[in-house]
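Written out below as structure tokens is the structure these notes cover.
The values are calculated or read from the model by the stated rules, or taken from the named source; none is laboratory data. Quantities reported herein were computed from a predicted structural model and do not represent experimental measurements. A quick note on method: Cβ atoms are made from the backbone with ideal geometry, for glycine too, and the neighbour counts reach across all protein chains shown. Ligands, DNA and RNA are stripped out before the accessible areas are found, and what is left, the full protein with its side chains, is counted by its heavy atoms. Shrake-Rupley method; radii C 1.70, N 1.55, O 1.52, S 1.80 Å.
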Amino acid sequence: MLKRGDEWEDGGEPKEPSVFPPTPPIDRAAAALPSRPVELTATERDAIDRANDDARRRRLDAYAAMAPATGEYERPAEPKNSAMILLENVTKVYPGNVVALDDVSLQIDKGEWVFLVGQSGSGKSTLIKLLLKEIDVSRGNLIVGGRSLSKLRHSKVPQLRRNIGCVFQDFKLLPNRTVEQNVAYALEVQGQRRELIARKVPEIINLVGLSDKVARYPHELSGGQQQRVSIARAFVNHPPLLICDEPTGNLDPDTSIGIMQLLYRIQRTGTTVVMATHDREMVDKMRRRVVALEGGRIVRDDRRGGYVTEDPR
Amino acid sequence: MSSTRFRWFFGEALRSLKTNFATTLAAVVTVLIVLYIFGIGLSLGTYLKSYTDGVKRDLTIKVWLADSATEAQVGDVQKQLLADPRVDGPSLVYVSQEAALREAQKTYSAEVLHLVGGNPFPASFRVKARDARDSAAIARSVEGFPGLEPATSDLPNPDYGAKVADKVLSVARKVELVIGGVAVILGLAAVLLIGNTIRLSIFARRREVEVMKLVGATNWFVRWPFMLEGMIAGTVGALLAAAGLAASSAFMPSVFESAGTIKTSATTAAQAWPLWQIGALLVLAGLGLGAAGSGLTMRRFLRI
Ligand SMILES: Nc1ncnc2c1ncn2[C@@H]1O[C@H](COP(=O)(O)OP(=O)(O)OP(=O)(O)O)[C@@H](O)[C@H]1O
Ligand SMILES: [Mg+2]
């Protein structure tokens, strides 16, 4: 009697010859590798270390150059009416009773640059989604640009978003549109005149340094280039507020610098920048305001903060 | 919507139709199949309707009057018929013996009539019901009136062609019901199928919709190109269905030409709605299906 599974007991291997060449036995493959790790001479090791250090120093210098001038820290506390963003006891509970933000109060003034830091799951993206009214607060009051978002009618949400530029880790470009069309889309949704679009779009693409890529599709660009496109799109309206959720999360350290320099130039025009990030070097060297979240609560709010402590150095 | 704005939306729709060619094709073929079947059903349905209408129109109640009937008796019969609200008053005609003979002379040869000799044809009232279904009741209401020719088993009096008419009408009613039912089911299936095709297309592009809304597009700004897309696909499918129907009409000429083989006793033969009319209806249906299909399915994806 043949029982279930019996046919696999002996000779379970398929009889047909494999289309793949036979793989060599593991021990022979291992024998092909050098038996010990390659030894570096002392001079070789020094050269590598020096190159790494140089690269790192260059990056740190680049970030430090974007730190505010001394004196800018000691600005007097702004009155409430200059707030770009105001959170009053904001709590966000996701379905399933997940508390992502817990009684958060925070004021961000016009023209400020704020880093949001904190471990994965601490609520940074939740805060950003609230600002864009992708989701609604569960309790408390959230005011953006002088308007209470809980009282904002659904028909007014597009208007809100046109006044907020946003840049994400995954770029969020429209895949079937060229660089030029992606940037133009942000103006088209507002019903801008064609002449104005034709004038502004090349200007802003030039600003982000992609003039030679206007007719390329997102999948034909590198990550850094795609992020430049998304920044161009975010800034083409000259919005008073720019929100970034890990804008350099997918980019290598050197590319990140270029992106940050772009955002820095945008902030210098008076735009408020709120940025969630995990980039320690960048936060430590730029010495901006740092709001640290932990388990949905603000655990630190430094005027010139570092990634983990106040005033690094 | 200004015309430049419309042009922009239209361009968007065309572009998206091109980039999503596979889905477009699926939607067009769905509309094509559904509307082709619908068009065939509509042709046959209207043909049948026109046929039964012809039968109904020709359903005349004949009240044969005895040669011996007095003027008062004839007047009573006429009064009774005209007083009946189910009777179509203006249709009432009195056919005298002479008129009946003249009518017969058209049908029968002189020899036959000569053989019979004299004038064997009785005078009669001919009248129609407003609704053909009331014919039997009207006939019964004057049955047995004095002055009527006595009825025999194969020559009922009054005579409304009971046997033929009842058969035709009951069969026609059943066929009408079946065609109506099939049309309803087909319509539902069409909406579901098209809705599903469009949902697949939108579902594949929901991230795109998300991004559009994130940069400040209103719901209508996102919706318009999608709806135009549905309308274009629906119209193209409908045009193809109409073309297919026109080609098929060659195989059922009797349905579309008045020189049809099935003649009712009426002067005109049964005929379906003209092809151009059915074609226009299909195009309208395709347009509506496309717009409604995409408009309704969009709603779920716009809540961002
Ligand atoms: N849609 C959702 N439904 C339920 N829970 C959610 C939802 N989105 C986020 N959360 C939860 O809310 C908490 C905060 O998530 P959030 O995305 O804000 O974290 P984050 O700080 O952005 O993390 P990361 O640094 O990894 O991006 C997490 O515990 C997460 O699991
Ligand atoms: Mg996040």
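The alpha carbon convex hull volume per residue for region A:141-248 rounds to 109 Å³.
Restricting attention to chain B, the count of lysine pairs at 8 or more positions apart or across chains with alpha carbons under 18 Å apart stands at 15. Normalised by 2.2 N^0.38 Å, where N is the number of residues, the alpha-carbon radius of gyration of the protein assembly as shown equals 1.67. Across region A:194-287, Cα-Cα pairs farther apart than 21 Å form 33% of the total. Segment A:ASP252..A:LEU152, full-extension length gain: 32.1 nm, with 0.36 nm per residue of separation and the alpha-carbon distance subtracted. The A-B contact accounts for approximately 1900 Å² of buried accessible area, totalled over both chains at a 1.4 Å probe radius. The solvent-accessible area of A:HIS154, taken with every protein chain present and a 1.4 Å probe, is close to 150 Å².
Per residue, the accessible area of region A:74-158 comes to 49 Å², computed with a 1.4 Å probe over protein heavy atoms only. For region A:155-202, treating each Cα as an identical point scatterer without solvent, what Debye log10 I(q)/I(0) comes out at q = 0.15, 0.18, 0.27 1/Å? Per q value, in the given order, log10 I(q)/I(0) is -0.45, -0.64, -1.15. Overall, the anisotropy analysis places region B:1-95 in the prolate class: the square-rooted eigenvalues a ≥ b ≥ c of its C-alpha gyration tensor yield a/c not less than 1.5, with a/b exceeding b/c.
Computed on chain B, with alpha-carbon pairs under 8 angstrom and 6+ residues apart, the relative contact order is 32 percent.
In this entry, region B:85-159 is assigned a mean projected area of 6.2 nm², taken as a quarter of its C-alpha convex hull surface.
Over region A:249-295, the fraction of Cα-Cα pairs per 10 Å bin, rounded to whole percents and listed from the shortest bin up, is 21, 58, 21, 1.
Model label points for A:ALA69 and B:LEU44, set 7 angstrom from Cα along the Cα-to-Cβ axis, are 8.7 nm apart. Surface composition of chain B: carbon plus sulfur atoms hold 64% of the accessible area, using a 1.4 angstrom probe and ignoring ligands, DNA and RNA.
Computed over region A:86-183, the convex hull of the alpha-carbon atoms projects to a mean area of 7.9 nm². In a DSSP loop and with at most 12 other Cβ atoms within 10 Å, there are no GluC sites (Glu not before Pro) in region B:185-233. In region A:127-148, burial by the other protein chains removes 40 Å² or more of 1.4 Å probe accessible surface, compared with the chain on its own, from A:GLU134. Net charge of the neighbourhood of B:ALA100, taken over other residues with C-beta under 15 Å away and scored Lys/Arg +1, Asp/Glu -1, is -1.
Using a probe of 1.4 Å on the protein chains alone, the accessible area found for B:TRP64 is around 70 Å². Could you compute the FRET efficiency for B:GLU210 and B:ALA110, with r as their C-beta to C-beta distance and R0 at 56 Å, rounded to 0.05? Efficiency, from the Cβ-Cβ distance: 0.05.
Computed from label points 7 Å out along Cα-Cβ, the spacing between A:ARG194 and B:ARG133 is 6.0 nm. Region B:103-199 gives an Rg/Rh value of 1.31, both radii derived from C-alpha positions and Rh following Kirkwood.
Its Cα gyration tensor gives chain B an equivalent ellipsoid. The semi-axes, each the square root of 5 times an eigenvalue, are 63, 20, 15 Å from largest down. Protein heavy-atom accessible surface, 1.4 Å probe, per residue over region A:251-310: 41 Å². Across B:ARG207, A:ARG58, the residue with the most accessible area heads the list, and the full order at a 1.4 Å probe is A:ARG58, B:ARG207. The calculated 222 nm mean residue ellipticity attributable to helices in the protein assembly as shown amounts to -16500 deg cm²/dmol, summing -39500 (n - 2.57) over DSSP H runs of n ≥ 4 and dividing by all residues. Using alpha carbon centroids, what distance separates region B:20-75 and region A:161-216, in Å? Here the answer is 59 Å between Cα centres. Restricting the chymotrypsin sites (Phe, Trp or Tyr not before Pro) of region B:169-256 to loop positions (DSSP other than H, G, I, E, B) with no more than 15 neighbouring Cβ atoms within 10 Å leaves B:PHE251. The mean sequence distance of close C-alpha pairs (under 8 Å, at least 6 residues apart), as a share of the length of region A:106-243, puts its relative contact order at 29 percent. Take the Cα of B:ARG126, step 7 Å toward its Cβ, do the same at B:ASP53, and the gap between the two points is 2.2 nm. Report the net charge of residues surrounding B:ASN157, where surrounding means a beta-carbon distance below 12 angstrom and charges are Lys +1, Arg +1, Asp -1, Glu -1. Value of the local net charge: -2.
So for region A:158-309, averaging the separation of alpha carbon pairs under 8 Å that are six or more residues apart and normalising by length, what relative contact order in percent results? Reported relative contact order: 25 percent.
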